[in-house]
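Everything on this sheet refers to the single structure shown next.
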Amino acid sequence: MDKHLCIHGHFYQPPREDPWLNTVLPEGSAAPSPDWNHRITRESYAPLARARRLDSSGRIREVMNCYEWISFNAGPTLLNWMAQADPDTVRLMVEADRASLARLGHGNAMAQVYHHQILPLASQLDKELEVAWAVDDFTARFGRAPEGMWLAETAVDAATLEVLAACGLRFTVLAPGQAKAVSPLAGGDWVGVNQGSLDIRQPYLVKLPSGRTISVFFYDGPLSQAVAFERLLADGETFWRRLSQAASPGLLALATDGETYGHHFTFGEMALAFVLDEARHGRDGLALTNFAAFLAANPPTMQVTLSEPSAWSCAHGVERWRSDCGCTDGGHPGWRQRWRAPLRQALTRMKDLVDLHYFQRGASCFLDPRAALTGYGKVLAGLASQEQFASEHFRRKLPAEDQAVAWKLLAMQQWGLASLASCAWFFDEISRIEPVNGLTYALRAMELASRTGAQGIEAEILPILKTAESNLAEYGDGEAIWRLLVKPRQESEASLTAQALLTLWAGDRMPGPGLSARASWPGVSVTVTASSDTEGTAAISWALETGADVVEYSWTPPGPGGHATGGGASGPEVAPTGTGGAVQAGSSGSHAPGTPGVGRIADVARHRDPLAAPVIVRGPGGEHSFIPRGLPVNKRQALADAFATRASQVLWEMASARMATVAHLVTELQEAQSTLTLAPQWAGMWAELTWTYLWGLDVTGKRRDLLLTFLHQCSGCGYERTGLMERVNALALAEAASPSPDWEGLARMVRRARTLGLPEDWWAVQNLIWDKSLHKGDGRVFAELIGFAV
Ligand SMILES: [Zn+2]
């Protein structure tokens with residue numbers, strides 16, 4: 001038999017979505033990225049789709065899609081986020097699966113348990129939902145049914161495998177230590193095995209109590225460990241030699257978290273690409289494959305019994321997700337995890353009560369509540385529209401009111417399942433973001449239960465949370481965490497209206513009297529209809545629900561301006577006084593723009609906090625006043641970001657347009673002049689002046705020398721330089737993507753940026769050049785300048 005190699009990456013992130021907005025909010029610790037999903041996408045997921053293969057002089061000779069050559073699974077919740085935030089990488093994952101399917105007869109992609117629940121700890125209902133929804137998500141994403149499924153934490157028992165087999169899945173992948181005994185399928189003695197003695201070069205069959213079967217692969221434990229934790233990715237050649245030495249006839253499989261490549265180990269994707277390239281060329285007789293292709297060619301001849309339950313990251317079965325077993329991460333050696341058992345108990349109790357409510361209330365909405373719940377996965381995956389789902393599962397002539405209840409019941413189940421994602425128990429403290437998120441999803445599920453008529457669920461779980469001991473004295477127990485960290489995140493009609501008003505205001509999109517505008521997030525949208533600058537109505541509608549909650553609002557806008565202006569808000573010759581709200585919030589307009597008036601401190605100090613003004617709403621639930629300062633920090637941050645983004649855009653457009661008319665004057669000089677006249681004033685426009693220079697400002701001789709001297713002397717701080725180059729990149733990308741790019745202008749820009757020592761990062765432009773093979777045509781010179789071998 002030939003030597004086969006399969007390198008598997010498990011790609012997953014703990015759920016970070018806010019369960020009302022259904023969006024990932026800013027996470028300051030991920031800076032300079034806006035949040036950890038973005039950060040890890042930039043460091044790992046995207047580079048793996050576009051790994052640079054360099055020649056001996058360090059120039060790009062290939063941009064490699066590693067997903068085409070490895071086995072991989074990506075969590076549905078992660079892919080849902082990524083489809084919005086980085087569709088290019090998702091597209092390349094799907095293309096990679098298609099290419100591997102064409103090459104090997106079986107695709108590289110595997111499905112994954114929907115919310116990353118520890119299935120041996122899940123109820124039978126939840127097991128079936130987590131698997132069925134995952135199959136639907138995979139089918140929608142990859143355009144084919146999955147053959148294999150990755151189990152969260154490789155947590156397994158017979159009941160779990162029964163559900164996989166019943167859903168048509170043919171295999172999963174486990175750690176070698178999870179095998180207990182093996183025997184020939186043809187008959188023979190059972191032999192006890194451990195990680196050291198198990199022959200991992202072949203798949204094994206598991207015979208299930210129902211009579212169904214499923215195949216299991218075991219990965220190479222020590223080698224996978226070395227990739228993940230022992231710097232094996234520091235050098236591609238060393239990595240290759242270890243693989244080649246370990247390979248023998250049959251299959252050599254590795255499995256690690258996919259984030260190992262690039263996030264945990266910087267440039268790990270390049271070492272991986274090196275290894276894949278060697279294998280692709282048949283070095284040392286190794287052939288690349290995936291699990292499904294290997295299984296098809298090599299059906300099991302042995303069967304295995306497993307340690308049940310067991311998982312890859314706990315030495316005590318699946319205790320890590322329900323008790324203080326000693327397995328932990330988080331960096332606090334003395335801390336205990338006695339909170340795990342009550343947290344498990346509280347969330348399980350919540351889900352049981354939510355299930356009870358679903359089936360009781362759902363009985364009058366759905367033809368078959370169980371079938372409807374399973375079928376909801378098709379709506380989440382986009383395989384069925386809400387209309388199709390309703391006509392298949394709703395009772396005939398269901399009143400609109402009950403239809404609204406039905407959708408809420410389904411959303412309740414969605415968040416109930418999300419609350420049980422394994423991440424809440426993985427680390428060392430209950431006040432960490434993962435358990436707090438799990439509890440927040442439970443809060444959202446309970447809110448939907450309460451809105452559809454259930455009562456008393458919170459009262460049942462709070463006493464249990466009270467017994468969950470925190471390691472931190474400021475919290476003490478889980479009930480305090482619920483009160484201090486979880487409950488304040490709950491949205492209301494007033495808080496949603498306030499965020500909508502401020503978001504529209506920050507983006508200069510506030511509707512004028514009689515007009516409407518919508519602020520929307522993936523989970524909810526708010527349509528604001530103004531009757532005046534300070535009053536109107538807000539209609540709140542939830543994604544995948546029907547109907548809208550309408551409230552009347554009144555508020556005091558943060559300052560002058562902020563209306564939708566129908567474009568041209570930032571025309572250079574008409575200084576937009578106060579446009580953007582935050583730009584001149586509080587300005588009394590006592591000085592004409594541009595006049596060097598000094599005024600009084602009182603004029604300058606009249607800052608207004610846009611988050612301080614109360615928003616009052618009146619609706620069916622009565623009148624409520626809400627001060628946006630009371631929002632959780634991430635939501636305040638999202639609003640602050642909206643204000644700052646718009647303000648910087650307005651200022652940039654105004655200043656760069658003005659610079660186009662004055663840049664030529666910058667170097668008018670006399671005699672032996674060595675410093676720019678008005679240098680301090682020009683310095684305030686450094687970015688715009690540099691922008692103009694990069695894109696072709698035409699000055700020569702001594703004028704050019706003086707300009708360059710000045711741009712060097714006053715070269716901006718790191719943030720200004722990075723910010724400038726982000727704008728330069730965006731224009732370069734647009735230019736290179738246009739039907740007839742100005743290649744000369746692009747090349748001149750790179751040379752000038754290099755002269756000024758500006759931070760170069762041509763990642764996105766390189767990707768475009770590679771995709772369109774522009775380095776082989778007229779874009780050759782530019783491509784060479786930004787790193788291609790041509
Ligand atoms: Zn353990």
Matching entry among Leu398, Leu356 (being among the hydrophobic types (A, V, I, L, M, F, W, C) and touching a helix residue (DSSP H, G or I) at 6+ places or on another chain (Cβ under 8 Å)): Leu398
Neighbours by Cβ (under 7 Å, 6+ apart or cross-chain): first from region 265-285, over 16 Å from Leu54 (Cβ atoms); second among the hydroxyl-bearing types (Ser, Thr, Tyr): Asp284/Ser244
Ala292 being aliphatic (A, V, I, L, M), in a helix (DSSP H, G or I), more than 15 Å from the ligand (Cβ to nearest atom) and under 32 Å from the mean Cα position of the chain (by Cα): yes
Residues located in region 229-247, provided they are at pLDDT below 95 and assigned to a loop (DSSP other than H, G, I, E, B): Glu230, Arg231, Asp235
Residue in region 170-180 that is closer than 27 Å to Gly9 by Cβ and free of Cβ contacts under 8 Å to residues at least 60 places away in the same chain present: yes
Residue check for Ala445: crowded, with 19+ Cβ neighbours inside 10 Å and either of a type outside the set (Val, Ile, Thr) or not in a helix (DSSP H, G or I) (or both): yes
Residue tally, condition without any contact (Cβ under 8 Å) to a residue 24 or more places away in the chain and surrounded by fewer than 17 Cβ atoms within 10 Å (Cβ to Cβ), over region 478-512: 2
Lone qualifier among Cys325, Cys365 - being more than 16 Å from the ligand (Cβ to nearest atom) and either acidic (Asp, Glu) or more than 27 Å from the chain's Cα centre (by Cα) (or both): Cys365
Set Thr160, Thr89: member being closer than 26 Å to Tyr441 by Cα, in a helix (DSSP H, G or I) and of a type outside the set (A, V, I, L, M, F, W, C): Thr160
Any hit, region 369-389, residues being away from the ligand (no atom under 16 Å from the Cβ), without any contact (Cβ under 8 Å) to a residue 12 or more places away in the chain and among the acidic types (Asp, Glu): yes
Check on Gln403, of a type in the set (S, T, N, Q) and surrounded by fewer than 19 Cβ atoms within 10 Å (Cβ to Cβ): yes
Any pair with Cβ under 8 angstrom, 6 or more apart, that starts in region 742-758 at a residue that is free of Cβ contacts under 8 Å to residues at least 40 places away in the same chain and ends at one that is of a type in the set (D, E, K, R): Asp742/Glu735; Trp743/Asp778; Leu746/Glu735; Val750/Glu760; Arg754/Glu760
Criterion violated by Thr690 - all others in (1) within 23 Å of Val662 (Cα to Cα); (2) of a type outside the set (A, V, I, L, M, F, W, C); (3) without any contact (Cβ under 8 Å) to a residue 12 or more places away in the chain satisfied: (3)
Near pairs, Cβ below 6 angstrom, 6+ apart or cross-chain, from region 329-353 (over 30 Å from Leu409 (Cβ atoms) and modelled with pLDDT under 95) to any residue that is of a type in the set (Phe, Trp, Tyr) and not in a helix (DSSP H, G or I): Asp329/Phe427; Gly330/Phe427
Residue, nearest to Arg751 (Cα to Cα), within region 769-790, restricted to residues that are in contact (Cβ under 8 Å) with a residue 40 or more places away in the chain and in a loop (DSSP other than H, G, I, E, B): Gly787
Residue satisfying all of: in region 11-44; of a type in the set (S, T, N, Q) and free of Cβ contacts under 8 Å to residues at least 24 places away in the same chain; nearest to Gly268 (Cα to Cα) among these: Ser33
Exclusive hit being under 31 Å from the mean Cα position of the chain (by Cα) and surrounded by fewer than 20 Cβ atoms within 10 Å (Cβ to Cβ), set Gly196, Gly250, Gly188, Gly221: Gly221
Strands (runs of 3 or more DSSP E) contained entirely in region 492-544, each with at least 3 residues that are modelled with pLDDT of 95 or more and either farther than 28 Å from Asn80 by Cα or among the charged types (D, E, K, R) (or both): 535-542
Only listed residue being assigned to a helix (DSSP H, G or I) and touching an Asp or Glu at 6+ places or on another chain (Cβ under 7 Å), chosen from Ala99, Ala83, Ala134: Ala99
Matching entry among Met749, Met685 (being crowded, with 19+ Cβ neighbours inside 10 Å, modelled with pLDDT of 90 or more and within 28 Å of Asp88 (Cα to Cα)): Met749
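Table: residues versus (1) at pLDDT 95 or above; (2) in a strand (DSSP E or B).
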| position | (1), (2) |
| --- | --- |
| Glu269 | no, no |
| Ala273 | yes, no |
| Asp277 | yes, no |
| Ala296 | yes, no |
| Pro299 | yes, no |
| Thr305 | yes, yes |
Test set (1) polar (S, T, N, Q); (2) within 14 Å of the ligand (Cβ to nearest atom); (3) out of contact with any Ser or Thr (no Cβ under 8 Å at 6 or more places or on another chain) - Thr266 fails condition number: (2)
Strands (runs of 3 or more DSSP E) completely within region 9-76 that count 1 or more residues being in contact with a helix residue (DSSP H, G or I) (Cβ under 9 Å, 6 or more places away or on another chain), among the small types (Gly, Ala, Ser) and modelled with pLDDT of 95 or more: 51-54, 71-74
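Working only within region 328-344, note down all residues that are crowded, with 20+ Cβ neighbours inside 10 Å and within 12 Å of the ligand (Cβ to nearest atom).
First pass over region 328-344, keeping only residues crowded, with 20+ Cβ neighbours inside 10 Å: 328, 337, 339-340, 342-344.
Thr328, Gln337, Arg340 - these are the residues of region 328-344 that are crowded, with 20+ Cβ neighbours inside 10 Å and within 12 Å of the ligand (Cβ to nearest atom).
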Close pairs from region 50-70: first closer than 18 Å to Tyr261 by Cα and touching a residue at least 24 places away in the same chain (Cβ under 8 Å), partner surrounded by fewer than 19 Cβ atoms within 10 Å (Cβ to Cβ) and among the small types (Gly, Ala, Ser), Cβ under 6 Å, at least 6 apart: Glu68/Ala99
Residue within region 255-267 that is aliphatic (A, V, I, L, M) and at pLDDT 95 or above present: yes
Verdict on Leu398 being more than 16 Å from the ligand (Cβ to nearest atom) and more than 27 Å from Pro76 (Cβ to Cβ): yes
Filtered residues of region 295-322 (kept if of a type outside the set (D, E, K, R) and either near the ligand (Cβ under 10 Å from one of its atoms) or farther than 30 Å from Val191 by Cα (or both)): Ala311, Ser313, Cys314, Ala315, His316, Gly317, Val318, Trp321
Residue pairs meeting the criteria (Cβ under 8 Å; at least 6 apart or on separate chains; first of a type outside the set (Gly, Ala, Ser), in region 297-322; second within 8 Å of the ligand (Cβ to nearest atom) and assigned to a strand (DSSP E or B)): Arg320/Cys314; Trp321/Cys314
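The values are calculated or read from the model by the stated rules, or taken from the named source; none is laboratory data. Here the structure is a predicted model, which means the values were calculated and not measured. Every residue, glycine among them, receives a Cβ derived from its backbone with ideal geometry; neighbour counts consider all protein chains shown.
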